[in-house]
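Okay, structure first, notes after.
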Ligand SMILES: NC(=O)c1ccc[n+]([C@@H]2O[C@H](COP(=O)([O-])OP(=O)(O)OC[C@H]3O[C@@H](n4cnc5c(N)ncnc54)[C@H](O)[C@@H]3O)[C@@H](O)[C@H]2O)c1
């Protein structure tokens, strides 16, 4: 077991990639806090983990809300005494062409991906510094590297996450805390339009050297690696599990 007795907080774990990561961490022996907007959604995934023999709790929390994030971290610390691993996975899209994008659509996306990740980082980092151990994992996207039509907000947020990853890595290395980012390929409902809409599907698939979409479970091993002791000498890196889409 690569994460035995580690405590992990996975945001946006009520479905999709986050849920798959939470389950993979539990299988590797971690105690997992499943964070999502709605308590019932978080509890559902936590319940599935417990049913499978793992340890998990569900915590309702909007990561863009600082008070809720602080309360969430306090709850996890009260339950398990520490937080060793943070996965900043919660995400949304608000798609619109840039001349039609509303300030709300811009702010909401930056609020979850950037402010949300920053809130969670600050809520857990004090304990990690004290214990001289931590694994911070950000979730970026090929959109942050290549840009995407209709997603200037999302592309900006995901490019911002890359900057956060590198700053976090440089600043926290002295405390034995690593920070890395994963750029998943298209999987889960978030990317349903590009995977199913005839206008985009073939064009997008043609650009993926492996020639197929990802399953969330194909991306989780990278999350396990960055959370584990095996990645102790790896920090500030971006790993794209994207079927080769971003090969330059
Ligand atoms: N799906 C993909 O193909 C893909 C590709 C590249 C990057 N990503 C990134 O991976 C991450 C997960 O994506 P996914 O496809 O699993 O998404 P998803 O939409 O399936 O799940 C995201 C989860 O985050 C939760 N969430 C949204 N806002 C939140 C908030 N403010 N606070 C707490 N939870 C919140 C949602 O309720 C949902 O359960 C996101 O950061 C996304 O940008 C996804």
> Between residue 192 and residue 82, what length in nm is gained on full extension when 0.36 nm per residue of separation is reduced by their alpha carbon distance?
Replying inline: 36.0 nm
> Among 11, 165, 246, what is the fewest-to-most ranking by other Cβ atoms within 10 Å?
Replying inline: 246, 165, 11
> Exposure proxy check: 198, 67 ranked by fewest other beta carbons within 10 Å?
Replying inline: 198, 67
> Helix 16-27 sits at what angle to the longest principal axis of the chain, using alpha carbons and giving 0 to 90 degrees rounded to 10?
Replying inline: 30 degrees
> For the chain, what log10 I(q)/I(0) values come out of the Debye formula at q = 0.13, 0.16 1/Å, with one point per alpha carbon and no solvent?
Replying inline: -0.76, -1.16
>> Relative to 2.2 N^0.38 Å, what does the C-alpha radius of gyration of segment 164-248 come to as a ratio? Two decimals please.
In response: 1.30
>> Cut-off is 10 Å between beta-carbons; in what order do 50, 222, 59, 139 appear when sorted fewest neighbours first?
In response: 50, 222, 59, 139
>> Taking the 0 to 90 degree range and rounding to the nearest ten, how far is the long axis of helix 66-80 tilted relative to the main principal axis of the chain, both from C-alpha atoms?
In response: 50 degrees
>> Suppose we take every Cα in segment 33-171 and form the convex hull; what volume per residue is that in Å³?
In response: 117 Å³
> When all alpha-carbon pairs of segment 147-199 are counted, what percent fall beyond 19 Å?
Replying inline: 45 percent
> For the Cα atoms of the chain, what angle does the longest principal axis make with the long axis of helix 216-227, in degrees from 0 to 90, nearest 10?
Replying inline: 50 degrees
> In Å and whole numbers, how far do the C-alpha atoms of segment 16-55 stretch along each principal axis, longest first?
Replying inline: 25, 18, 13
>> I'd like the distance separating the alpha-carbon centroids of segment 170-211 and segment 58-113, in whole Å.
In response: 19 Å
>> Springs between alpha-carbon pairs under 10 angstrom, Gaussian network model over the chain: which of 99, 119, 107 fluctuates most?
In response: 99
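Values in this text are rule-based calculations from the coordinates and carry no lab data. Being a predicted model, the structure only gives us computed values, none of them experimental. Here the Cβ is made from the backbone with ideal geometry for all residues, glycine too, and neighbour counts use every protein chain on show.
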